[in-house]
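Report on one structure; see the data block that follows.
The values are calculated or read from the model by the stated rules, or taken from the named source; none is laboratory data. Note that this is a predicted model, so its numbers are computed, not measured. All Cβ positions, glycine included, derive from the backbone under ideal geometry; neighbour counts span all protein chains shown.
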Amino acid sequence: MTIYRPISPAQKTNEMFVLSYKVLNDAIEYICKNYKIVGCSDALFGNLYTNEAITENTGINSMRIFPNGTITPSPYLPPSVFKSKHHIFDTAVMEYLRFDCFNEVKAPTECIGCSYEKTCQGGVYDRRLLWYGTLIERDPYCPFRHGYTLPKTKYIYEKNENISMYDGYLPTLLFKKQLSNDTSQNTYDHNRVNF
């Protein structure tokens with residue numbers, strides 16, 4: 001599952017597909033209760049709903065390669081603004097390529113003191129950039145932004161090697177069907193867990 005970002009030039013299209021916090025939160029809670037999380041690269045929702053500390057990888061361990069060899073840090077970020085100075089054929093730099101705009105990003109001021117300040121660091125970079133044009137704003141789906149508290153339930157993240165090419169670099173949640181109707185092993189009391 002990837003969450004729609006407002007990337008259409010037509011505002012009405014964006015309004016049709018951008019989810020409200022409540023709808024998205026309800027959907028993720030439903031999925032987490034009924035499926036096992038096997039991949040989680042979304043810095044915000046990974047920290048809110050799983051037993052793992054998830055950090056952001058957009059522009060750090062990710063890139064989009066266009067047919068002409070142009071490189072951007074994410075499929076969602078426009079090349080006109082986020083194009084790398086390097087090219088896919090610059091093989092000498094590809095091994096250590098990093099996008100300068102994502103070096104040393106700090107959590108937004110509103111995030112200071114949050115339980116997930118060090119891992120979430122304000123949420124997914126490309127969502128923040130596409131919604132607000134800056135990384136000093138926190139994720140548009142941060143529960144505090146909408147007057148909610150942190151979710152009470154955590155779900156167990158079953159790490160699987162090579163579950164998908166999207167896991168570990170794109171803000172994506174991957175699930176698999178429960179083998180039985182018993183979901184009690186899929187949750188735990190977050191108050192008894194040290195992060």
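Does SER62 meet the test of being among the small types (Gly, Ala, Ser), in contact (Cβ under 8 Å) with a residue 60 or more places away in the chain, surrounded by 20 or more Cβ atoms within 10 Å (Cβ to Cβ) and within 17 Å of PRO140 (Cα to Cα)?
no
If you take the residues of the stretch 106-139 that are more than 16 Å from TYR4 (Cβ to Cβ) and acidic (Asp, Glu), which of them is surrounded by the most Cβ atoms within 10 Å (Cβ to Cβ)?
Per the criteria, the residue is GLU137.
Conditions: (1) closer than 28 Å to SER115 by Cβ; (2) touching a Gly at 6+ places or on another chain (Cβ under 9 Å); (3) surrounded by 15 or more Cβ atoms within 10 Å (Cβ to Cβ). PHE82 meets all but one. Number of the miss?
(1)
Could you list, ordered by first residue, the pairs with Cβ atoms under 7 Å in which the first is in the stretch 110-124 and under 18 Å from HIS146 (Cβ atoms) and the second is buried (at least 18 other Cβ atoms within 10 Å of the Cβ) and of a type in the set (Val, Ile, Thr), at least 6 apart or interchain?
If the second residue must be buried (at least 18 other Cβ atoms within 10 Å of the Cβ) and of a type in the set (Val, Ile, Thr), the pairs left are VAL124/THR58.
Considering only the stretch 1-107, give the helices (runs of 4 or more DSSP H) lying wholly within it that have at least 1 residues that are farther than 30 Å from TYR157 by Cα and at pLDDT below 85.
11-17, 79-82, 91-94
Can you find a residue that is surrounded by 13 or more Cβ atoms within 10 Å (Cβ to Cβ) and of a type in the set (Gly, Ala, Ser) anywhere in the stretch 9-25?
no
Scan the stretch 125-143 residue by residue and report those that are within 17 Å of GLY46 (Cβ to Cβ) and aromatic (Phe, Trp, Tyr).
Listed by number, the residues that qualify are TYR125, TYR141.
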